[in-house]
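Input: a single structure, listed below in structure tokens.
The values are calculated or read from the model by the stated rules, or taken from the named source; none is laboratory data. Keep in mind it's a predicted model, so treat the numbers as computed, not measured. When we count neighbours, we look across all protein chains shown, and the Cβ atoms used for this are built from the backbone with ideal geometry, even at glycine.
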Amino acid sequence: MGRLIMGFYFNRVIIIALFGFFLIFSAFSSRNYPAPPATSGSKAPGMKFSIDKSKSSVAFSVTHMVVSEAEGVFKVFNGSMESSQVDYSDAAIEFSVDVKSLNTDNQNRDKHLKGPEFFDVAKFPLMKFASTSFVHQNGSNYKLSGNLTIKAITKPVSFAVTYAGLSSDQKTAVFNAKTTIDRFDYGLQWSKLTEAGGMIVSREIRVNVTAAFKVK
């Protein structure tokens, strides 16, 4: 009889202990713990960057006369980036280009490109880009999406971006960005055909930007 009573009380103690453990575990598991602090060497929230023009470039190329390539650069530009993430995945990027600074190493061609049949720089001196997202895809690859404005026409565009790394002083992040746009989308619709019927200047413009963003 004594063993029966002791066994009964022992079982009750075990049940109560298990029930108490369950309540404690439930309480802890339902808590919202704060995110862990950023790792050592991470950027501070709202870190701002400006473009280092000495390490950056804005270049373009088009197919010319069907079989050759015409290349050029814009020598005057500006840009900024703001990010609070170590991998820059929340970066907000803005970029502007002075179209008057266009240079293809051919004065006659440059004059034509800057004139009313193409960029019409007298009326539209700037091209502008403002990002809407900067998504880390894998490794050093990102997708930069945003709105590009040329001749007061704004269209969405996406860049394939490669992160090239940090400068030796750890203050400058370097990215290479590439995209292709249809110039007709932005009112750059001058067009003449070769004798064989091909376009003298292709519709597709390949854009290649190297952007070195330095901490302000």
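Brief remarks on what is shown
- Residue identified as among the hydrophobic types (A, V, I, L, M, F, W, C), within 13 Å of the chain's Cα centre (by Cα) and under 14 Å from TYR186 (Cα atoms) among LEU148, LEU126: LEU148
- Odd one out for SER133 among (1) assigned to a loop (DSSP other than H, G, I, E, B); (2) surrounded by fewer than 16 Cβ atoms within 10 Å (Cβ to Cβ): (1)
- Only one of GLU94, GLU69, GLU82, GLU117 that is among the charged types (D, E, K, R), at pLDDT below 90 and either part of a loop (DSSP other than H, G, I, E, B) or closer than 25 Å to LYS143 by Cβ (or both): GLU117
- Scanning segment 106-133 for residues that are of a type in the set (D, E, K, R), farther than 26 Å from SER80 by Cβ and either in contact with a Ser or Thr (Cβ under 8 Å, 6 or more places away or on another chain) or free of Cβ contacts under 8 Å to residues at least 12 places away in the same chain (or both) gives ASP110, LYS111.
- Condition check for ALA122 on (1) among the hydrophobic types (A, V, I, L, M, F, W, C); (2) loosely packed, with under 14 Cβ neighbours inside 10 Å; (3) not in a loop (DSSP other than H, G, I, E, B): one failure, at (3).
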